[in-house]
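Trainee: Got a structure for you, written out below as structure tokens; questions coming shortly.
Each value in this text was obtained by applying a stated rule to the coordinates, not by laboratory testing. Being a predicted model, the structure only gives us computed values, none of them experimental. Quick reminder, even Gly has a Cβ in these numbers, built from the backbone with ideal geometry, and neighbours come from all protein chains shown.
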Amino acid sequence: MKHVRTSPYYPQAKGKVERPFDYVEKNLLNGRSFRTLEHLNEVTRWWLADVNDRRIHGTTRRTPLELHEQEQPRLIGLPTLRFDTAQVVYRIGRAAFPTEATLESYDWTRNPKTIRKEPFLELASGEFIQRKENAAFVGASGLGKRISFQVLAENAVLWDIVSGMRPARA
């Protein structure tokens, strides 16, 4: 995946990002007026359940509900506490990681014999940090240690901000 910067206020350059908003504007909002925010929410719930979620997508030939069911096992729940996303962006930017690596984008097929998913996800939960334990990646070159560490580090930044835990000062 390649990150491309585009000009602000130029939706034509953002294709897939802007398309869902266009769809909602033309199919849900177009020609309708709403008395209150509660009325808008009520109409939106109806539209999602009776119109949008039942339509057959032109590319996938499946309904959004079918696609959601397929993705459900890979979805990660939202944090229980609210947090400022700017803190996450700032801290990850300050860390100056060489590439983008997230738990969601991690390629589990890259090296399944050396990096097993269940123990890795346990590390990604950040519980070992709370227990004041250490983690080390040991192995030959090319096994994925750096990218694995980066995924855990980025996840720890998020975990730290959500939990309110702060790193110890030297």
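Trainee: Could you give the nm distance between label points at Thr59 and Glu104, where each point is 7 Å from its Cα heading toward the beta carbon?
Mentor: 1.6 nm
Trainee: Something else: Given the C-alpha centroids of the range 25-94 and the range 138-155, what is the distance between them in whole angstrom?
Mentor: If we compute the Cα centre of each part, the gap is 33 Å.
Trainee: May I pose another question? Could you order the peptides 97-110, 137-150 from most to least packed, using the average number of other C-beta atoms within 10 Å per residue?
Mentor: So the peptides 97-110, 137-150, ranked by packing, come out 137-150, 97-110.
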